[in-house]
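What follows is a set of notes on a single structure, which appears directly below.
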């Protein structure tokens, strides 16, 4: 048996000779107590754990087939089972052995419930929704797989597959998977190398797309032709406030103060509230919606949330009518900031308007009130609307199909 004690490495296992027909050879890992590799004459190589339980009887637990199960995974699982044997739990007969091995779904559910940010806060509901969406779309196919059964090649292939069309999404999904396994290590739910760590990210080019002056007439015309007034107004408010997409979707009437022309967002992406100044055009849109909307949401929807969620079809219709390519809903936020800069606003004012936060500008933001922000937003939106042919400079106009026909 001494000759069959070896250090399990890929090179060593790949080079093992096959036994004679009808025979089977057993090799013992010198690094992990009880870990064996059984080799048949047909070339099948299977990891197992061989130990004697408390009453002295021998027990063998089959772990997995090499190379589908890696050496590292076999050692991790053997170490886990050795721990169970010490507790008097027989992995072959005791259901507790199976229950102690965490699945990816169990880890994900526990992660959403107990994960904290660097500041010590639990994950926001918005972040949880984003994680659930990505998990359901890309990782749920592995929901029942035990953590010790994952290989780095699993996530490497997944990253490549997603990245063929969506490189940014691919990077985000792998980052989430890596966070899951790091959390599992931290909580002692998993022992071993993080299989989603160290995957080279796809390059992400920062977007600088926004509506140019020559695109605005067609854009406003396409919006005026949109029959769904809820989605049309959603796009307009997104443009005129520069607020993040999710915040506009979740806008509630209780957050709007018509007298002060302000919208108070309780929580934003950076974890802090934001007061958004509302231009005369934005107020006119909201007042019109208020007269026909008795519910809590400014932009109600038919789904479980009660508000609109992903108006991709309507956005596609608008862009096709306008003949505009490569413009995302989030680019409306960048459009306001860009037009503020075009009309003379300082970077501090733009940052305050859009609720950007960085260490170098936080102190400046804190000293700003809404008056210069309001002036800048008014000036920028006025310039956009004038460039789009929607209104003469200085006028206030309701932007909808009716007013468009009058002005056209």
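Things worth noting here:
- Taking the convex hull of the alpha carbon positions in region 158-267 and averaging its projected area over all directions gives 11.9 nm².
- Computed E for residue 89/residue 310 - FRET, C-beta separation, R0 51 angstrom, nearest 0.05: 0.60
- Approximate spin-label separation residue 41-residue 114, in nm, with each point projected 7 Å along Cα-to-Cβ: 5.1 nm
- Based on C-alpha pairs under 8 angstrom that are at least 6 apart in sequence, region 104-186 has a relative contact order of 35 percent.
- Looking at the chain alone, DSSP beta bridges between its own residues are antiparallel in about 95 percent of cases.
- The relative contact order of region 2-94 comes to 20 percent, based on Cα pairs under 8 Å that sit 6 or more residues apart.
- Percent of Cα pairs exceeding the 21 Å cut-off, where the set is region 2-94: 30 percent
- Mean separation of Cα contacts under 8 Å, 6 or more apart, over the residue count of the chain: relative contact order %: 11 percent
- Cα-only radius of gyration and Dmax that characterise the chain, units Å: 29.8, 94
- Sorting 121-129, 27-35 by their mean Cβ neighbour count within 10 Å, with the most densely packed peptide first, gives 27-35, 121-129.
- When 214, 229 are sorted by how many other C-beta atoms sit within 10 angstrom of their C-beta, beginning with the fewest, the order is 214, 229.
- Spin-label proximity, residue 225 to region 311-331 - amide N less than 12 Å from point 7 Å beyond Cα toward beta carbon: 317-324
- Helix content alone sets the calculated 222 nm mean residue ellipticity of the chain: runs of n ≥ 4 DSSP H residues at -39500 (n - 2.57) each, divided across all residues, give -13000 deg cm²/dmol.
- Scattering profile of region 200-348 at q = 0.11 Å⁻¹ [log10 I(q)/I(0), Debye over alpha-carbon scatterers]: -0.44
- Fully extending the segment from residue 291 to residue 275, taken as 0.36 nm per residue of separation minus the present Cα-Cα distance, adds 3.4 nm.
- Computed from label points 7 Å out along Cα-Cβ, the spacing between residue 283 and residue 21 is 9.4 nm.
- Over all distinct Cα-Cα pairs of region 317-359, the Kirkwood formula returns a hydrodynamic radius of 11.8 Å.
- Computed FRET value (nearest 0.05) for residue 205 with residue 102, which takes r as the C-beta separation and R₀ as 35 Å: 0.40
- Going by neighbour counts of Cβ atoms within 10 Å, the residues 221, 254 line up, fewest first, as 254, 221.
- Alpha carbon convex hull of region 102-178, projected area averaged over orientations, nm²: 5.3 nm²
FYI, it's all coordinate maths here, none of it is from the lab. Because the structure is a prediction, the values reported are computed rather than measured. Glycine gets a Cβ as well: all are built from the backbone with ideal geometry, and neighbour counts include every protein chain shown.
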